[in-house]
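The values are calculated or read from the model by the stated rules, or taken from the named source; none is laboratory data. Note that the structure is a prediction, hence the values are computed from the model and not measured. Note that we place each Cβ from the backbone using ideal geometry, even for glycine, and neighbour counts take in every protein chain shown. With ligands, DNA and RNA removed, areas are computed over all heavy atoms of the protein, side chains included. Shrake-Rupley method; radii C 1.70, N 1.55, O 1.52, S 1.80 Å.
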Amino acid sequence: NNGKVKNELYAQRLYGDDYNDNSGRRGQVAQSARMPVFGLKSGDDAWFAVIEQGDGIAGIYADISGKQNSYNHVYSSFAVRGEDSLELYKGNQVESIQLLSEQRYEGNIKVRYSFLSGEDADYSGMAKLYRNRLVEQGVLKPLRDSASIPFYVDMLGAIEKRRTFLGIPYDALVSMTSFEQAGQIAEQLQSDGITNIQMRFMGWFNKGLNHKLPVNMKVDGVLGGKPELKALEDKLAEIGGRLYPDVAFQQVYQNDRNFTPSSDAARFLTREEAARTPFNPAFNAMDFDLGIYYLLSPAKLPYYVDQFIDRYASYGTDAVAIRDLGGLVYSDYRVNRVIFRETAKNIITGQLGKIKEKFPNTLLTGGNAYALPYAEQVVNVPTSTSKFNIADEEVPFYQMVLHGFVDYAGSPINLDDEQDMKRQMLRSLELGAAPHFLWSYEPSSKLKYTRFDTMYSTDYAAWYDDAVAMYKEVNAVLSGLRTKAIERRVRYADGVVEVRYEDGTSVLVNYTDQPVAINGTRI
């Protein structure tokens, strides 16, 4: 607020962290957002920008007036060279040297600006403009009517757990949910009136959740066999749902003869192989005890995708869940093969197109904008902001663009920081999102002292009753709105919002503990 007119900044962070450079990390708003858009409103006028080319190397920056200058401002920036720092240790001192890639990005950069006025000069108008543009481009297509919204459930299959034999430690494969047990859960859901079950089975081949690269695919025997997997698929289809076997490409946890880090892994600008470790929230740092994995070079991705398509076709299914291609982009600074993030993004979209052509029912995790043309359904979409101090309101821009065109859900509710099921239900109603859970048949205690102990609440029996009750309440409201676009979102006060749909329906949500009245309706 500059004392005369209120300016509203809208900005989104792009495509997750870049593991290989430091571009695009300062002052960004809405870290969980996945669309290359930003804009600014002043009074009854606004402008809106879409990065149409070069979004893979882009960062979006925003700040309020009074800090750098007297204006609220938001803009895009493009890292045309890779950037990193190298630390040199000199005795007790550490000297940091800034590095830049010798090669620079030579592709096009394109930002399209649009101008809005009146009622359209806000984020609702921007979302409508962007959605209509994506529809015109064929990126989004209207959903078909169905009797109910999806119920998304991720099944945790096999994991590796450290055991010993005659004092010698080894990694044993442990079943958390067999194919037969997953079928029992599906039958239980059907008996309670839930039929539109969209099941993503994680950790079903090549040594569990952190599987080997899908060059040679073998079903993990602790879960059952190939016939049991097919029986589970048939059972879900008979109920009215679908099975999505999960596969990942870009993060390589298992070393075998099909992957050589020196030639197949991406490299940092420092020429080091891109080896990473999972993030441990307890330490607020990467934790080597959780295992080391490599980032596959984008140049190698087409080969492994082709191998996967050939092997996976033998399973006789037309559905697949892609764990990482829809939510992760990174560069490769190998000396003789520099691949910038924009080039990597184009490689990924090409591979998603090949997978989609062969297996048309595709479920993606993350849902970055470039992946939307290839997604039938998307899970783990952003449902909150990064909580930076600069942000004073959470705007569900992503959902306002996609609703009515793509089925989507947030991250698994049982693993979320917010454990109030009533609030989770209200959040689903506001966002138009389907419920999403990650379950295991075995108790979560089996994950203790493994690299997967962050999944500390997967036991389906502890969540089943609450999940069924939540789904039924959400489905009663959203099933008739599933194919309708969101027209406008209005915030009346902290915790009190209205979401209007194109058919005139309004969903009024009150997060507070006091009743409110909106347009004569008491909530």
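Worth a mention:
- Those lysines that a straight Cα-Cα span of less than 19 Å connects to residue 446, excepting residues fewer than 8 apart in one chain: 161, 207
- The length gained on full extension between residue 494 and residue 163, counted as 0.36 nm times the residue separation minus their Cα-Cα distance, comes to 114.0 nm.
- Amide H contacts of residue 411 (H built 1.01 Å from N, under 5 Å, at least 5 apart or other chain): 380, 381
- Calculated FRET efficiency for the pair residue 303/residue 358, C-beta based, R₀ 22 Å, to 0.05: 0.90
- Expressed in units of 2.2 N^0.38 Å, where N is the residue count, the Cα radius of gyration of region 52-94 is 1.85.
- Counting only residues at least eight positions apart within a chain, or on another chain, the aspartates and glutamates with an alpha carbon under 14 Å from that of residue 345 are 17, 18, 52, 55, 324, 332.
- About the Cα centre, charge dipole magnitude for region 21-168 (Lys/Arg +1, Asp/Glu -1 at Cβ), debye: 460
- Sites residue 386 and residue 449 - FRET efficiency at Förster radius 35 Å, r taken between beta-carbons, to 0.05: 0.65
- Region 262-348, relative contact order [Cα under 8 Å, separation at least 6], %: 32
- Region 152-246: Cα Rg divided by the 2.2 N^0.38 Å rule of thumb: 1.18
- From the C-alpha gyration tensor of region 342-423, square roots of 5λ in Å: 27, 16, 12
- Annotation note: trypsin sites (Lys or Arg not before Pro) in region 144-176 located in DSSP loop regions with a Cβ neighbour count of at most 11 within 10 Å are 144.
- Cα gyration tensor shape for region 466-523, rounded if a/c is under 1.5, else prolate or oblate: oblate
- Taking the inverse of the mean 1/r over every pair of distinct Cα atoms in the chain gives a Kirkwood hydrodynamic radius of 24.5 Å.
- Residue 349 paired with residue 393, simple spin-label distance in nm, labels 7 Å along Cα-to-beta-carbon: 3.2
- Trypsin sites (Lys or Arg not before Pro) within region 344-428: DSSP coil, no more than 15 neighbouring Cβ in 10 Å: 387
- Estimated FRET transfer efficiency when R0 is 51 angstrom, pair residue 191-residue 71 (beta carbons, to 0.05): 0.25
- Each peptide in 445-453, 211-219 gets a packing score, the mean of other Cβ atoms within 10 Å over its residues, and the list from highest to lowest is 211-219, 445-453.
- Overall form of region 356-507 per C-alpha gyration tensor (a/c, 1.5; a/b vs b/c): prolate
- Extent along principal axes [Cα atoms of region 38-169; Å; largest to smallest]: 73, 55, 34
- Accessible-area ranking of 149, 390, 168, largest first, probe 1.4 Å: 168, 390, 149
- Legend: residue pairs 110/358; 212/235; 41/484; 218/356; 212/356, Cα-Cα distance threshold 24 Å; pairs beyond threshold, 110/358; 212/235; 41/484.
- Prolate/oblate/rounded call for region 230-382, Cα gyration tensor, a/c under 1.5 rounded: prolate
- Protein heavy-atom accessible surface, 1.4 Å probe, per residue over the chain: 45 Å².
- Estimated inter-spin distance, residue 287 and residue 512, nm [label 7 Å along Cα→Cβ]: 4.0
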